[in-house]
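S.K.: For reference, the structure I am asking about is given below.
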Amino acid sequence: MKVTLQNLTKKFPARGKKSQGEVIAVNHFDFVIPDGKLIGLLGPSGCGKSTALNLLCGLLKPTEGRIFFGDEDVTDLPPEKREVGMVFQNYALYPHLTVMQNILFPLQNLKGAQKLSKAEMDQRARDAAKLVQIGELMDRKPGELSGGQQQRVAIARALVKMPRILLMDEPLSNLDARLRLQTREEIRRIQRKTQITTVFVTHDQEEAMSISDLIVVMKDGVVQQIGKPQEVYDDPHNLFVASFLGTPPINLFHGRIESGRVYVGDVPILEQPALPDQEITVGVRPEGFVPKEDGAFGCTLKGVEVMGRDVSVVFTHPACVAAAGRAIVSAQSQLPSGQNQVRFDFIPEKIRLFHGITEERIR
Amino acid sequence: MEKKSVKAWLYLLPAMLFLGIFLIYPLVDVFVYSFEENYNFASQSYTGTGLFNYSYVLRDPYFLQALKNTFLLVVITVPLSTGLALLISVGLSSIKPLRELYQTVFFLPYVTNTLAVGLVFMILFKRTPYSDGFVNLLLSLFHAGPVDFIDGPYGAKMLVLCLYTIWVVMPFKILILTSALASVNQTYYNAAKIDGTSGLRIFFRITLPMISPSLVYLIITGFIGAFKAYSDAVALFGTNLNAAGMNTIVGYVYDMLYGNSGGYPSYASAAAILLFAIVLTITCINLLVSRKHVHYIS
């Protein structure tokens, strides 16, 4: 099911006696979620991701704008008529019902023409359970399951009524790191298999990057960029997107363009003859550093962290925006030992330039 | 380990002493009295031992009347007050404007003095030389009555007693249930809503099981409280409850000890032990039944 958001806006009245006006949680969203894709809504906490999800499922009414499922305008439909499945952050499994009863619950709500016989319901529930591989847990209560198992039950319950779209609100945030990796693969597999258009909210960029077909990066209720994860990573539209995506994050330096040359401090690092003189922020991905004895860019070495395949070099530099920068270099590279100075060359393709004030990308 | 347990006993000692002297010892004592015929406090003497006290009490028409009154009170007020409190709590939880005001209003009877409530009921129900009472005034609008609710037929008196009891016990139940309802996580309701669950089904399949521990607590304490009813009847019908035919078991025990027919600790003890046995049995049944239907969420 293709989902279209048209000019979608949600405003909340500001809280507290003194504060006035309103908070715009979702600000003029205008994009299309293609059929059968997995979309990651990505942004820091409080950026309006969950509000957007609640608008999609109908728990919240938009202040402005329309939502279409396919060609049908669902903006004014209540949640129960939208035929969406939702996986909540805390799973919201009914603790007094068994796994089977939990999965059956949405089916037992069906009325009229949609009503199923008991045998059909049973079959559907068992199919859903099989899909998420919890077939042997049907008689347990949620309290007797691990976090990962509860997650699967929640997904089965959301899928059993064959929703038009599947919504997931931070589905992995309650799992430990290892389980998170497994479960996100699992979500990917289930989504591919069922081909249900899925919207998935997260603040974890790695999570979003790893399983989404498309990511929507949000900040303060405004969509910053939409695209395939790798494209957004490689080609960020602005400083926020560049610094939000990637671990370790991009290194930012105060810089300037002077007569067609990009400087960080006094070091010219890039030729940009077409660009006018201006103050800029220079972003260099951690993998954009090449240690070299006669490298142009000298900085103070703070530490070296060996992580198997790679080595992470922590350095400081007067032009660095953050307290310290981090470069990822391969373990084979020659690092000066016993010195507190390290010199790098930059890989030009890993350098991004941003306007000093607007923070927009300079190309 | 040894040292630790000594310490533990030391900490428990004040409570154990207190409970031992004022609860366990009297309980045992009452149990003993109930088998001693014609026990006399002053001379500390008795004339024989056996089940005589029980057979006397069980044949005493006043006791049987008290037993009937108490059972009626329990059977009528516990389900009604709990059910009404549940309805009101659900109502309170689903409204937004003025919720605090309503909560306060519904809680007021709890902080109001029993005798003040009794006074209000007198104004409502009691016939005086000047007025037939407010309720009779209302009844007369429908060309019914007047009914003497305080000194009249048994049914009318029982009705007033039940109304009074329900009125007095409900605020506490509303308090407990509204907080139980408030503690149900909103996401369960959101999940149910998205799945198209009807309001009635949400109530019976989600809300009710979620608040069942509080509900069972209220039912069990409600049963015990109603079996121990006494002051309510006194507030309405005065101290001579036997004459009014509105005595309760606790009232009967009191009368046997101190009332006009008082001075019979043996009979009082037997009646008290009978009440104890009844309450114990009912509570055990309650616990057994509720075990199947209550969902404690760890």
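The values are calculated or read from the model by the stated rules, or taken from the named source; none is laboratory data. Small disclaimer: the values here were computed from a predicted structure and weren't measured. With ideal geometry, Cβ positions are generated from the backbone for all residues, glycine too; neighbour counts draw on all protein chains shown.
S.K.: If you check B:Phe31, B:Phe71, which single one turns out to be closer than 30 Å to B:Pro171 by Cα, in a helix (DSSP H, G or I) and of a type in the set (Phe, Trp, Tyr)? Show your work before the answer.
M.R.: On the way: B:Phe31 fails: closer than 30 Å to B:Pro171 by Cα.
Selected residue: B:Phe71, the only one of B:Phe31, B:Phe71 that is closer than 30 Å to B:Pro171 by Cα, in a helix (DSSP H, G or I) and of a type in the set (Phe, Trp, Tyr).
S.K.: Every residue in the range A:46-101 that is in a helix (DSSP H, G or I) and more than 10 Å from chain B (Cβ to nearest Cβ), please.
M.R.: A:Lys49, A:Ser50, A:Thr51, A:Ala52, A:Leu53, A:Leu55, A:Leu56, A:Val99, A:Met100
S.K.: Still on this structure: Assess whether B:Ser43 counts as being in a loop (DSSP other than H, G, I, E, B) and without any contact (Cβ under 8 Å) to a residue 40 or more places away in the chain.
M.R.: Judged against the criteria, B:Ser43 is a match.
S.K.: Let me ask another. Could you list all residues from the range A:209-234 that are of a type in the set (D, E, K, R) and touching a residue at least 60 places away in the same chain (Cβ under 8 Å)?
M.R.: A:Asp213, A:Lys219, A:Asp220
S.K.: Of the residues A:Leu104, A:Leu93, A:Leu97, which is in contact with a helix residue (DSSP H, G or I) (Cβ under 6 Å, 6 or more places away or on another chain), more than 22 Å from A:Thr183 (Cβ to Cβ) and modelled with pLDDT of 90 or more?
M.R.: Values: A:Leu93 fails: more than 22 Å from A:Thr183 (Cβ to Cβ); A:Leu97 fails: in contact with a helix residue (DSSP H, G or I) (Cβ under 6 Å, 6 or more places away or on another chain).
Residue meeting the stated conditions: A:Leu104.
S.K.: Also, quick follow-up: Before we move on, is B:Ser212 within 11 Å of chain A (Cβ to nearest Cβ) and of a type in the set (S, T, N, Q)?
M.R.: yes
S.K.: Among the numbered criteria (1) buried (at least 18 other Cβ atoms within 10 Å of the Cβ); (2) hydrophobic (A, V, I, L, M, F, W, C); (3) more than 12 Å from the chain's Cα centre (by Cα); (4) within 30 Å of A:Leu8 (Cβ to Cβ), which one does A:Val222 miss?
M.R.: Of (1) buried (at least 18 other Cβ atoms within 10 Å of the Cβ); (2) hydrophobic (A, V, I, L, M, F, W, C); (3) more than 12 Å from the chain's Cα centre (by Cα); (4) within 30 Å of A:Leu8 (Cβ to Cβ), only one is false for A:Val222: (1).
S.K.: A follow-up question, please. Criterion first (within 14 Å of chain B (Cβ to nearest Cβ), in a helix (DSSP H, G or I), free of Cβ contacts under 8 Å to residues at least 12 places away in the same chain and more than 29 Å from the chain's Cα centre (by Cα)) does A:Gln123 satisfy it?
M.R.: No; evaluated as a whole, the condition is false for this residue.
S.K.: Return yes or no: is A:Val32 without any contact (Cβ under 8 Å) to a residue 40 or more places away in the chain and not hydroxyl-bearing (Ser, Thr, Tyr)?
M.R.: yes
S.K.: What are the residue pairs meeting all of these: first residue in the range A:342-359, first residue among the aromatic types (Phe, Trp, Tyr) and at pLDDT 85 or above, second residue surrounded by 15 or more Cβ atoms within 10 Å (Cβ to Cβ) and assigned to a loop (DSSP other than H, G, I, E, B), Cβ atoms under 6 Å, and 6 or more apart or on different chains?
M.R.: Short answer, once both residue conditions are applied: A:Phe344/A:Gly295.
S.K.: Name every residue in the range B:71-97 that is modelled with pLDDT of 90 or more, of a type in the set (Ser, Thr, Tyr) and over 12 Å from B:Leu163 (Cα atoms), in order of residue number.
M.R.: Those that are modelled with pLDDT of 90 or more, of a type in the set (Ser, Thr, Tyr) and over 12 Å from B:Leu163 (Cα atoms): B:Thr82, B:Ser89.
S.K.: What number of residues within the range A:305-320 satisfy the criterion of being modelled with pLDDT under 85, more than 26 Å from the chain's Cα centre (by Cα) and assigned to a strand (DSSP E or B)?
M.R.: 1
S.K.: Test A:Thr98 against the criterion of being over 30 Å from A:Leu175 (Cβ atoms) and surrounded by 14 or more Cβ atoms within 10 Å (Cβ to Cβ), and give yes or no.
M.R.: Criteria not met by A:Thr98.
S.K.: Only one of A:Leu167, A:Leu179 is within 19 Å of the chain's Cα centre (by Cα), hydrophobic (A, V, I, L, M, F, W, C), within 18 Å of A:Asp204 (Cα to Cα) and modelled with pLDDT of 85 or more. Can you tell me which?
M.R.: A:Leu167
S.K.: Only one residue in B:Ala233, B:Ala192, B:Ala277, B:Ala271 is in a helix (DSSP H, G or I), out of contact with any Lys or Arg (no Cβ under 7 Å at 6 or more places or on another chain) and within 14 Å of chain A (Cβ to nearest Cβ), so which one is that?
M.R.: None of the others qualify; the one that does is B:Ala192.
S.K.: Follow-up. Within the range A:136-182, which residues are more than 29 Å from B:Met210 (Cα to Cα) and either of a type outside the set (A, V, I, L, M) or in a loop (DSSP other than H, G, I, E, B) (or both)?
M.R.: Those that are more than 29 Å from B:Met210 (Cα to Cα) and either of a type outside the set (A, V, I, L, M) or in a loop (DSSP other than H, G, I, E, B) (or both): A:Arg164, A:Arg178, A:Arg180, A:Gln182.
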